[in-house]
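Quick notes on the structure that follows.
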Amino acid sequence: VVLRPGGSAPQQDPAGGADGLALASDPGGTVNFLAMVENLQGDSGRGYYLEMLIGTPPQALNILVDTGSSNFAVAGVPDPDVTSYFDAKLSSTYRSEGIEVTVKYSQGSWTGVLGTDVVTMPKGIYGSYTINIATILESENFFLPGVKWHGILGLAYDTLAKPSSSVETFFDSLVRQAKIPNIFSLQMCGAGLPVSGSGTNGGSLVLGGIEPSLYTGDIWYTPIKEEWYYQVEILKLEVGGQNLQLDCREYNADKAIVDSGTTLLRLPEKVFSAVVQAIARTSLIQEFSSGFWTGSQLACWDKTERPWALFPKLSIYLRDENSSRSFRISILPQLYIQPILGIGENLQCYRFGISSSTNALVIGATVMEGFYVIFDRAQRRVGFAVSPCAEADGSPVSEIEGPFTTADVASNCVSSVSFHEPVLWIASYALMSLCGVILLVLIILLLIPPRCQHRYTDNDVVNDESSLVRHRWK
């Protein structure tokens, strides 16, 4: 094995019978889900994107599909890292709301202005729809070199929308105007392919239902624990069939979400350490540099070798809709030992598709590329089925199995307190109020003459700090 520097990652009962739905999207029309098959392009390293036409006359842009945020935003000014942008001045149907909005992601941020315009999708729901859209005027580490998308489509709940949940999300607008069911599904086909390749890997975003040709076997559903991110409940992890034996609450600290906008499988620090130790222990590699596990180094093998046989499979157990049962989704090493670049004619280098996280377990593209994932908002559940495109060298690289009993885990693995933004705001206001009361008491004490009043003389010094509290209140 040759280790080389670099390779840090760029920075979401078996149901059965879930067939495609015939439904009205326009008078007398139906949604043709097959028309949405392979409407995505991209890769797990830089995201999967959908072509959209925005404004009048239409301007074509590629939009990143992100189930971990809720704003629809596009580049609104030229940027060195984007090849196209939306020029609002050229659209006769654009209406500015004049409201500034800033969105911060785990990596990167942008600031823009809210407005509305008409949007159509060449390979989506038929028709044009008026959508809230933020035009990005400034950004930092958001548009990255080499990306082929020009904006982001946030498909999570309005709770996460900025500047407030009153901003109707893209998908909520689509459900209301096109009268489609409140469900969408996502397939990303980059398994075993370079994570930053040509950017032409296929994928499908099916709006309004489920397309049977995109999965095999049964769909297994897990409840959405809370409607902000697509938060789910993870019961345990196994490496090479061996349970990590952690308290199940460790897997959900402080949340576990399904997020297509995150490239890797991200694990809470304690879980990440346990997974790395288990992989290192069960792999056929006796000594392996720590830099590979932390993402600072790539591991390189001769191109004739397939290193995946050296590593174990990874299984994630999710609670079934029947809470006394669970099912597991498993990914083979072809999904988490990811080819990233070739060196010369002989070496192929790989990165570790798992990283540590300080605030969530994130089922990102590393895992999602193995499955057809159904976001059934109407029934508050996320479904997983094996994706037929999740193959490497002609063999499947993902599995779903169940049901299993949940007798060996706690009845609730999710903290009863969800520390997301509304709660944080309430806590912040409460602390500010408390501080205000304390400062008010101090001011009153400063203003009330003491019984033994001290009279200042020429030798007394009154510095600025003595009245700092009163100055701060002004």
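The values are calculated or read from the model by the stated rules, or taken from the named source; none is laboratory data. Here the structure is a predicted model, which means the values were calculated and not measured. Methodologically, a virtual Cβ is constructed for each residue, glycine included, from the backbone with ideal geometry; neighbour enumeration extends over all protein chains shown. When the accessible area is computed, the model is the full protein with side chains, heavy atoms only, and any ligands, DNA or RNA have been set aside. Shrake-Rupley method; radii C 1.70, N 1.55, O 1.52, S 1.80 Å.
Values for this structure:
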item	result
Overall form of region 77-190 per C-alpha gyration tensor (a/c, 1.5; a/b vs b/c)	rounded
Solvent-accessible area of residue 117 with every protein chain in place, 1.4 Å probe, in Å² to the nearest 10	0 Å²
Shape category assigned to region 253-412 from the gyration tensor of Cα positions, a/c cut at 1.5	prolate
Accessible-area value, residue 248, 1.4 Å probe, nucleic acids and ligands omitted, Å²	10 Å²
Mean-position separation - Cα centroids, region 307-385 and region 67-99, in angstrom	32 Å
Cα→Cβ-extended label distance, 7 Å offset, between residue 116 and residue 379, nm	3.3 nm
Cα→Cβ-extended label distance, 7 Å offset, between residue 393 and residue 247, nm	4.2 nm
List 120, 366, ordered by accessible area with a 1.4 Å probe, largest first	120, 366
Rounded percent of accessible protein surface that carbon and sulfur make up, region 171-329, 1.4 Å probe	46 percent
Sequence of 255, 313 when ordered by accessible area, the most exposed leading, probe 1.4 angstrom	313, 255
Long-range HN-HN contacts of residue 40 with modeled amide H, under 5 Å	203, 204, 205
R0 of 25 Å, Cβ-Cβ distance residue 38-residue 97: FRET efficiency to nearest 0.05	0.10
Given 123/148; 123/225; 89/148; 236/303; 104/255, the pairs whose alpha carbons are separated by over 28 Å	123/225; 236/303
